[in-house]
Amino acid sequence: MSFQFLKKLPDPEVVKEMLPVSKEAAEKKVLRDKEIADVFTGESDKFLLIIGPCSADNEEAVLDYTNRLMKVQEKVADKIIIIPRVYTNKPRTTGIGYKGMLHQPDPEKKPDLLHGLLAIRQMHLNVMEKTGMMPADEMLYPENYWYLNDVLSYVAVGARSVENQQHRLVASGIEIPVGMKNPTSGDFSVMLNSIVAAQAKQEFIYRTEEVLTDGNPLTHAILRGAVNKHGQCIPNYHYEDIKRLAYMYDKMELANPAVIIDANHSNSAKHYEEQIRISKEVLHSAKYSDDIKKLLKGLMIESYIEPGNQKVGEGVYGKSITDACLGWDQTERLIYEIADEL
């Protein structure tokens, strides 16, 4: 057989019973979810920063980083809501390489998905309970969302997943904001069609059951840049790009028009320090155009403790083993600069 069934993994409810959310953390999450939702519905004019490592590969470093974020959050709480990126799945274009903590709780050891499921849930729980901050993760595998549905306050669907029907349908049943990235081709219509699907009621098969969803009105766009047929990065964070998205949103009459700008990936051509300049340009565009100001809800930034990245096994604490990230000093300064511009 081409499939070898190695072990049966526990159902999500079993894992949740093993690693439950505390009553205090659950209560804080309800309040935080409402704060975040209010940004997308227009009831709040606060600005979202979805910020953190490209991949959450080490719980100690992730908790260190989010504790630092927590202290900054207290100082900018009147203007900014910080949502820590705790990304436990890493998309791989070729399917080869480190795929995130879900696959490899220890990046230097072989895959262990059972241990990985427990490790990623525990890390999300620790972020919630030790920092009071509510994390974001990428929904790379829709069937796994139910292991984390009670610990996340924001979900992103990546550029290579956004055209997939199962991602769109599962997003329709999620009760927190889901950001749909533009595909690698850069086609805005693909991204907007995914939002249409996710905002609609849907009936489909999910985890061996027939399910019905209500639709998710908090589904929205993320602009992350594109790649042309020559492999060149094409940014889409500029004034004209966001204005075009605003115009397309108007034509489609979707609920809660909104965009998050991803300052890294193809927008920065993976030159991580460009995220600082890009963030400031986006904020300037919002000052110049009321349409952009109304549509723009926040930024997505890749940041960790040490700047840049490293190979697996090099062992530098708090340095990305996937895409290069801003370091902490750059990050802290940038958050305060963003707050001053708002």
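Observations on the model:
- Only residues that are part of a loop (DSSP other than H, G, I, E, B), small (G, A, S) and touching a residue at least 60 places away in the same chain (Cβ under 8 Å) were counted across the stretch 307-323, and they come to 2.
- Criterion applied to K293, K297, K280 was being closer than 27 Å to P135 by Cβ, under 22 Å from the mean Cα position of the chain (by Cα), part of a helix (DSSP H, G or I) and modelled with pLDDT of 95 or more, and the one residue passing it is K280.
- For the stretch 186-233, residues that are small (G, A, S), at negative phi and surrounded by fewer than 21 Cβ atoms within 10 Å (Cβ to Cβ) total 3.
- Selection count where residues are assigned to a loop (DSSP other than H, G, I, E, B) and in contact (Cβ under 8 Å) with a residue 40 or more places away in the chain, scope the stretch 11-37: 3
- Count of residues meeting criterion [under 12 Å from V282 (Cβ atoms) and part of a helix (DSSP H, G or I)] in the stretch 240-259: 2
- Test: residue in the stretch 46-59 that is more than 25 Å from E306 (Cα to Cα) and in a loop (DSSP other than H, G, I, E, B): yes
- Output for the stretch 260-277, where each listed residue is surrounded by 23 or more Cβ atoms within 10 Å (Cβ to Cβ), of a type in the set (A, V, I, L, M, F, W, C) and not in a loop (DSSP other than H, G, I, E, B): I260, I261
- Evaluated against (1) out of contact with any Asp or Glu (no Cβ under 8 Å at 6 or more places or on another chain); (2) crowded, with 18+ Cβ neighbours inside 10 Å; (3) farther than 30 Å from V227 by Cβ; (4) basic (K, R), K99 falls short on exactly one condition, (3).
- Unmet requirement for N236, which otherwise passes all of (1) within 19 Å of G173 (Cβ to Cβ); (2) crowded, with 16+ Cβ neighbours inside 10 Å: (1)
- Any hit, the stretch 119-129, residues being acidic (D, E) and assigned to a loop (DSSP other than H, G, I, E, B): no
- Failed condition for I242, given (1) among the aliphatic types (A, V, I, L, M); (2) without any contact (Cβ under 8 Å) to a residue 40 or more places away in the chain; (3) buried (at least 22 other Cβ atoms within 10 Å of the Cβ): (2)
- Note on the stretch 77-96: among residues that are β-branched (V, I, T) and without any contact (Cβ under 8 Å) to a residue 40 or more places away in the chain, the one that is surrounded by the most Cβ atoms within 10 Å (Cβ to Cβ) is I96.
- Extreme residue, nearest to L117 (Cα to Cα), among residues of the stretch 60-87 that are assigned to a loop (DSSP other than H, G, I, E, B) and either basic (K, R) or in contact with a His (Cβ under 8 Å, 6 or more places away or on another chain) (or both): V86
- Test: residue in the stretch 278-288 that is β-branched (V, I, T), in contact with a strand residue (DSSP E or B) (Cβ under 8 Å, 6 or more places away or on another chain) and farther than 22 Å from S189 by Cα: yes
- Here D11 fulfils each of the conditions (1) in contact with a Lys or Arg (Cβ under 9 Å, 6 or more places away or on another chain); (2) closer than 18 Å to T131 by Cβ apart from (2).
- Against the test of being within 18 Å of the chain's Cα centre (by Cα), within 16 Å of E143 (Cα to Cα) and not basic (K, R), the options I174, I205 yield a single qualifying residue, I174.
- The residues of the stretch 132-168 that are surrounded by 20 or more Cβ atoms within 10 Å (Cβ to Cβ) and over 22 Å from A200 (Cα atoms), listed by number, are M133, M134, P135, A136, D137, Y147, L148, V151.
The values are calculated or read from the model by the stated rules, or taken from the named source; none is laboratory data. A quick note: this is a predicted structure, and the numbers were derived from the prediction, not measured. Here Cβ is always computed from backbone atoms with ideal geometry, including for glycine, and neighbour counts include all displayed protein chains.
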